[in-house]
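Written out below as structure tokens is the structure these notes cover.
The values are calculated or read from the model by the stated rules, or taken from the named source; none is laboratory data. On a predicted model such as this, the values are computed, not experimentally measured, just so you know. So basically every Cβ, Gly included, is an ideal-geometry build from the backbone, and we count neighbours across all protein chains shown. Side chains are part of the model used for accessible areas, which takes the heavy atoms of the whole protein and leaves out ligands, DNA and RNA. Shrake-Rupley method; radii C 1.70, N 1.55, O 1.52, S 1.80 Å.
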Amino acid sequence: MEGMDDMTKPKIIMDVDTGTDDAVALTLAMLGGEVDLLGVTTVNGNLELKLTTDNTLRVVDFCGKGEEIKVYSGCEYPLVSTLSPTSAQSLRPIPKREGVKVPFIMHADHLPLPETSLKAQEKRAVVWLIETVMASQPGTVTIVALGPLTNIAAAMRAEPAFASR
């Protein structure tokens with residue numbers, strides 16, 4: 001895809017619960033030059049929303065894209081409980097809360113990146129998703145959802161035409 005300009009690159013929105021795996025995907029999207037990353041939305045997942053948002057902002061800042069790539073904070077809790085033995089009805093709430101010690105930790109609370117002064121946008125993720133997708137030509141924006149689909153489900157519920165776009 002060398003030589004592609006922003007007009008011919010696929011337009012994507014990344015919806016993430018940033019831990020190490022999503023950090024790699026975000027870095028590739030921002031620095032790989034093959035996509036036009038319109039923005040990033042965060043969601044609860046392996047970690048609580050404030051941590052996934054902070055980790056996302058750290059990655060964006062570390063990649064030097066703070067002026068270009070905006071981050072929108074999304075849904076703080078799942079729409080429904082899960083069947084996971086570590087669900088809200090079990091021994092501990094999901095997502096894992098900062099500082100809570102659990103027997104097995106897949107993701108540390110914070111990525112090993114410098115703290116950032118970047119902040120999430122005031123507009124919430126679901127609102128931004130709906131506005132961005134609905135303002136675009138149908139089929140021209142791809143959502144790359146790497147975490148739980150809570151933001152996407154909320155957008156589909158709030159704007160039924162969202163899914164067909």
What is the residue count in region 123-144 for residues that are in contact with a strand residue (DSSP E or B) (Cβ under 9 Å, 6 or more places away or on another chain) and open to solvent by 40 Å² or more (accessible area, probe 1.4 Å)? 7
Which one of the conditions (1) touching an Asp or Glu at 6+ places or on another chain (Cβ under 8 Å); (2) open to solvent by 10 Å² or more (accessible area, probe 1.4 Å); (3) closer than 22 Å to Glu131 by Cβ does Leu38 fail to meet, given that it meets all the rest? (1)
Would you check which residues across region 51-80 are among the charged types (D, E, K, R) and touching a helix residue (DSSP H, G or I) at 6+ places or on another chain (Cβ under 9 Å) and list them? Arg58, Lys65, Glu68, Lys70, Glu76
Qualifying residues in region 145-156 (those that are open to solvent by 40 Å² or more (accessible area, probe 1.4 Å) and in a loop (DSSP other than H, G, I, E, B)) - the one modelled with the lowest pLDDT: Pro148
Do you know which of the residues in region 10-22 that are open to solvent by 10 Å² or more (accessible area, probe 1.4 Å) and within 29 Å of Gly139 (Cβ to Cβ) is nearest to the chain's Cα centre (by Cα)? Asp17
Out of Glu115, Glu67, Glu159, which single residue is over 15 Å from the mean Cα position of the chain (by Cα), farther than 21 Å from Thr18 by Cα and at pLDDT 95 or above? Glu159
Just wondering, is there one or more residues in region 72-94 that are modelled with pLDDT under 85, more than 16 Å from Ile152 (Cα to Cα) and buried (at least 19 other Cβ atoms within 10 Å of the Cβ)? yes
Here are the criteria: (1) touching a Pro at 6+ places or on another chain (Cβ under 8 Å); (2) closer than 24 Å to Arg165 by Cα. Tell me which single one Leu49 does not satisfy. (2)
